[in-house]
Amino acid sequence: MAIAPKQMTRPMLATRRLILEPLRPRHARDVYGAIEESRASLGRWLPFVHTTRSASETEAFIRRVARSECDIVWGVWLRDEENGPRGGWFGPRRPQRYCGNVGMHRVFVEQATGEVGYWVRRSREGQGIITEAVAAVLLWAFGPLNLERLAIEAATGNAASLRVVEKLGFVREGVLREAQRIPGRRARLDLVISGLVRSDFAQARHTFARYCGTARPWEGRNEASSA
């Protein structure tokens, strides 16, 4: 049984540097622009990059996710530094400050499990943005949502994605051989599957809070401290 929308809320999250807002149709052009910028870097690992050819297709994806009972995708924006530590929580997002997406998928209430996915646009690579954003999602997922396990799959050759997995304390559990096809590529990709369970989270939660600058990112409209 998937978590129903009234059970799996779609909160905004805030960290020291970032605002995570559940994607809405008005964000489609920002998202598509980032995909266009990053086709070469993202297309090596993510099939959707090859099949997304317009902002209208991106908007259709956002609408499907909004109707889903077991998926949520946040857009990640850098805070508006001109407005201080609470900058960017209210008002429109600046397209040039959009960084990428973090999503939770296949969330099931009976098993309290789910999966995490993420990507960052080419011009924001190497800045620790995705590590910080995923840490915020993990704090919420193991906190108010009360999940017991989350998994991440990443291609064996995707060193940047695997570094995020390692930094966040996920445990490598195995390799799914030839599990993913990339359009235009003959060889299928092997995927490393890694998991984080509640006991892992208990050991790593202070690390997540350090990445985020707060232990409660869902309360970010009030504070995202520098602690």
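The values are calculated or read from the model by the stated rules, or taken from the named source; none is laboratory data. As the structure is a prediction and not an experimental result, all values here were calculated from the model. Glycine gets a Cβ as well: all are built from the backbone with ideal geometry, and neighbour counts include every protein chain shown.
Among 172, 177, which is the only one that is of a type outside the set (A, V, I, L, M, F, W, C), at pLDDT 95 or above, touching an Asp or Glu at 6+ places or on another chain (Cβ under 8 Å) and outside any loop (DSSP other than H, G, I, E, B)?
On the way: 172 fails: touching an Asp or Glu at 6+ places or on another chain (Cβ under 8 Å).
Selected residue: 177, the only one of 172, 177 that is of a type outside the set (A, V, I, L, M, F, W, C), at pLDDT 95 or above, touching an Asp or Glu at 6+ places or on another chain (Cβ under 8 Å) and outside any loop (DSSP other than H, G, I, E, B).
Identify all residues within region 74-105 that are at pLDDT below 75 and closer than 22 Å to residue 9 by Cβ; write none if there are none.
Scanning region 74-105 gives 86, 88, 89, 90, 91, 93.
Please verify whether residue 73 is surrounded by 14 or more Cβ atoms within 10 Å (Cβ to Cβ) and outside any strand (DSSP E or B), treating the condition exactly as stated. Steps first, answer last, please.
Working: surrounded by 14 or more Cβ atoms within 10 Å (Cβ to Cβ): yes; outside any strand (DSSP E or B): no.
For residue 73, the condition - surrounded by 14 or more Cβ atoms within 10 Å (Cβ to Cβ) and outside any strand (DSSP E or B) - is not met.
Under the condition of being touching a helix residue (DSSP H, G or I) at 6+ places or on another chain (Cβ under 9 Å) and crowded, with 17+ Cβ neighbours inside 10 Å, which residue from region 155-164 is farthest from residue 132 (Cα to Cα)?
Taking region 155-164 first, the residues touching a helix residue (DSSP H, G or I) at 6+ places or on another chain (Cβ under 9 Å) are 155-156, 160-161, 163-164.
Then keep just the ones that are crowded, with 17+ Cβ neighbours inside 10 Å; that gives 155, 161, 164.
Working: 155: 21, 161: 13, 164: 9 Å.
Selected residue: 155.
Within region 182-199, count every residue that is assigned to a strand (DSSP E or B), touching a Gly at 6+ places or on another chain (Cβ under 9 Å) and of a type in the set (A, V, I, L, M, F, W, C).
Number of matching residues: 4.
If residue 173 passes every condition in (1) touching a strand residue (DSSP E or B) at 6+ places or on another chain (Cβ under 6 Å); (2) touching a residue at least 24 places away in the same chain (Cβ under 8 Å) but one, which one does it miss?
Exception for residue 173: condition (2).
Looking at region 27-70, which of the residues that are assigned to a helix (DSSP H, G or I) and out of contact with any helix residue (DSSP H, G or I) (no Cβ under 9 Å at 6 or more places or on another chain) is surrounded by the most Cβ atoms within 10 Å (Cβ to Cβ)? Reasoning before the result, please.
First pass over region 27-70, keeping only residues assigned to a helix (DSSP H, G or I): 27-37, 39-42, 48-51, 55-67.
The next check asks that each one be out of contact with any helix residue (DSSP H, G or I) (no Cβ under 9 Å at 6 or more places or on another chain); those that pass are 36, 64-65, 67.
On the way: 36: 13, 64: 10, 65: 17, 67: 8.
Among those residues, the one meeting the criterion is 65.
Give me the residue from region 110-124 that is touching a residue at least 60 places away in the same chain (Cβ under 8 Å) and part of a helix (DSSP H, G or I) and, out of that set, surrounded by the fewest Cβ atoms within 10 Å (Cβ to Cβ).
123
Scan region 11-18 and give yes if some residue there is assigned to a helix (DSSP H, G or I), among the aliphatic types (A, V, I, L, M) and in contact with a Pro (Cβ under 6 Å, 6 or more places away or on another chain), otherwise no.
The initial filter retains those residues of region 11-18 that are assigned to a helix (DSSP H, G or I), namely none.
No - not one qualifying residue is present in region 11-18.
Output yes when any residue across region 138-150 is under 16 Å from the mean Cα position of the chain (by Cα), of a type outside the set (Ser, Thr, Tyr), surrounded by 22 or more Cβ atoms within 10 Å (Cβ to Cβ) and part of a strand (DSSP E or B), and no when none is.
yes
Suppose the filter is modelled with pLDDT of 95 or more, touching a Pro at 6+ places or on another chain (Cβ under 9 Å) and of a type in the set (A, V, I, L, M); does residue 154 pass it?
Values: modelled with pLDDT of 95 or more: yes; touching a Pro at 6+ places or on another chain (Cβ under 9 Å): no; of a type in the set (A, V, I, L, M): yes.
So residue 154 fails the test.
Name the single residue that is farthest from the chain's Cα centre (by Cα) among those in region 50-63 being under 14 Å from residue 27 (Cβ atoms) and charged (D, E, K, R).
57
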